[in-house]
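For reference, the structure is listed below as structure tokens.
No lab work stands behind these numbers, since they all come straight from the coordinates. Fair warning: this is a prediction, and the values are worked out from it, not measured in the lab. When we count neighbours, we look across all protein chains shown, and the Cβ atoms used for this are built from the backbone with ideal geometry, even at glycine.
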Amino acid sequence: MEALSNVLFDEIRVGDTASVSRLLSATEVEALALVGGDVDAFHIAEGRPGADGLQAESVGAEALLSSLLHQRLPGPGTAIVAQDLHFDGTLHPGDELVATVTAKAKRADARQVVFNCRVRSGDMDLVTGDVTVRAPEQRMHYGETATPSIILRRTDKYAKLMKAAEALPPVPTAVVHPCSHDSLLAAIEAAERGLITPILVGPEAEIREAAAAAGIDLSSYTIVTTDHSKASAAKAVALAREGQVHALMKGSLHTDELLGAVVASATGLRTGRRISHVFAMDVPAYPRTLFITDVAITILPTLEDKVDILKNAIDLVHILGNPEPKVAILSAVETVNPKIPSTLEAAALCKMAERGEIKGAVVDGPLAFDNAISEEAARTKKIKSPVAGKADILLVPDLEAGNMLAKQLQYLAGADAAGLALGARVPIVLTSRADNVRTRLASAALMKLVAHAKRQSARP
């Protein structure tokens, strides 16, 4: 773990320099080969990307330079605007790369800095040349970051989501009781990406203490002070009822405290739908975003509950651009068994979809998990279904099954799980201390898209 701070344009002097070194693992070399297209299928299968190693121009050394510029000098907030780099040599597992950037010139009118760049492996220059960046103008500080483990992904399922969110104005968002490092940092990260305009609701002294510990400047943010966590939840909900905010983001209070205020009959944010939670999961081995529901709110859903849970998930996927998602109703088996209630409910949900009571999706079930996500498994079991092996949405039998499924995908398959609570008047981000930066930002982006869609549909 390390702290990251940036160097502002006015603080950079010609001659300032920074360096970083990295020992390449076999997995990293393979990942760079796949990204750069320098792939011989036979050698990759043998664990060796190319008989003679990976050509430096494939992206490896360049990626290290980019990391140095974005994390050290100038650091967070840096934007690369031009580069003139020359490549030579090859990369192999076990190579130690040393990247160095040195400020060569400043362009005050464009707020740009030209850096002379070099990447070496032993006595060999792999990369030389110049990179021009737009240096940051605003201080950013991240108290704790970690270099993530490399996981090979077929696609980045969140990239399209983030791009769509960037095109919309920030959403006024009540951040409820952000009195810990993680919860406050999640809100500030989302604000700095233009996803939200945060209103920090909670005890001001505790919020400022958390900010000071994390090196966060709160001068540009609004704080609405409250006495304790329950008061924070009540005030945030009141702001949403009054239309001052269009979304909620959970801070360091318990989920039950926040949802208790949300579902209060007289003062809450209820609609005609049951509130449920959806995970939008980026599973490296699965070719599409996988939506799993409900894994966080409804413990033992009834058939009536599952109708609302399913409708919430379908509406979300529609907002994200899929007009007819494929829904798998999960159970332990793929046949209706009177001794397994979830199979009976799956059959009922399919009949409701067939009769138009559930619209906008192709629904099938019961399906076991393997048949829902693997076409090969479905073929082996001779299951003929428009959903089997191609599911976009997985409706789980209950919270226990869903929670275990989501965590298994996260910790055993390297999945990221952006999440959102739906069914209230405004979308709600239920953050977790275990969320990484990518997941937190993707959750905020989901919330932003849903909040804008709700406001658009409410217009006459």
- prompt: Using alpha carbons only, how many degrees (0 to 90, rounded to 10) separate the axis of helix 60-71 from the longest principal axis of the chain?
  reply: 80 degrees
message: Calculate log10 I(q)/I(0) of segment 276-423 for q = 0.09, 0.16, 0.19 Å⁻¹, where I(q) comes from the Debye formula with a single equal point scatterer on each Cα and nothing for solvent.
response: -0.23, -0.78, -1.16
field: Contact order relative to length of the chain, as percent, for alpha carbon pairs under 8 angstrom and 6 or more apart
entry: 13 percent
query: How large is the helix-only mean residue ellipticity at 222 nm for the chain, computed as the sum of -39500 (n - 2.57) over DSSP H runs with n ≥ 4, divided by its residue count, in deg cm²/dmol to the nearest 500?
result: -10500 deg cm²/dmol
task: Starting with the highest mean, order 291-302, 380-391 by the number of other Cβ atoms within 10 Å, averaged over the residues of each peptide.
output: 291-302, 380-391
query: For the residue pair residue 213 and residue 382, what label-to-label distance in nm results when each label sits 7 Å from Cα along the Cα-to-beta-carbon direction?
result: 6.2 nm
- request: Grab the Cα-Cα distance for residue 159 and residue 116, subtract it from 0.36 nm times how many residues apart they are, and report the gain in nm with one decimal.
  value: 12.5 nm
query: By how many degrees, between 0 and 90 and to the nearest 10, does the Cα long axis of helix 181-192 differ from the longest principal axis of the chain?
result: 80 degrees
Two-site FRET efficiency, residue 230 against residue 336, from Cβ-Cβ distance with R₀ of 35 Å, rounded to 0.05: 0.20
task: Only bridges with both residues in segment 276-423 count here: give the DSSP antiparallel percent, nearest 5.
output: 50 percent
- prompt: Which order, highest average first, do 259-272, 428-441 follow once you tally other Cβ atoms within 10 Å for each residue and take the mean per peptide?
  reply: 428-441, 259-272
query: Taking the Cα centre of the chain as origin and charging only Cβ (+1 Lys, Arg; -1 Asp, Glu), how large is the dipole, in debye to the nearest 20?
result: 1700 debye
task: With label points built 7 Å along Cα→Cβ from the Cα atoms of residue 11 and residue 299, find their separation and express it in nm.
output: 5.0 nm
query: Calculated from the structure, volume of the Cα convex hull per residue in Å³ equals which of [x] 160; [y] 194; [z] 139?
result: [x]
query: Leaving out same-chain residues fewer than 8 places away, which lysines sit with a Cα under 18 Å from that of residue 359?
result: 306, 311, 326, 351
- request: List the relative contact order of segment 276-423 as a percent without decimals, with contacts defined as Cα pairs under 8 Å and 6+ residues apart.
  value: 36 percent
field: Where labels lie 7 Å past Cα in the beta-carbon direction, separation of residue 404 and residue 98 in nm
entry: 5.2 nm
statement: For the chain, longest principal axis from Cα atoms; helix 303-319 axis from its Cα atoms; angle between them, nearest 10 degrees, is 40 degrees
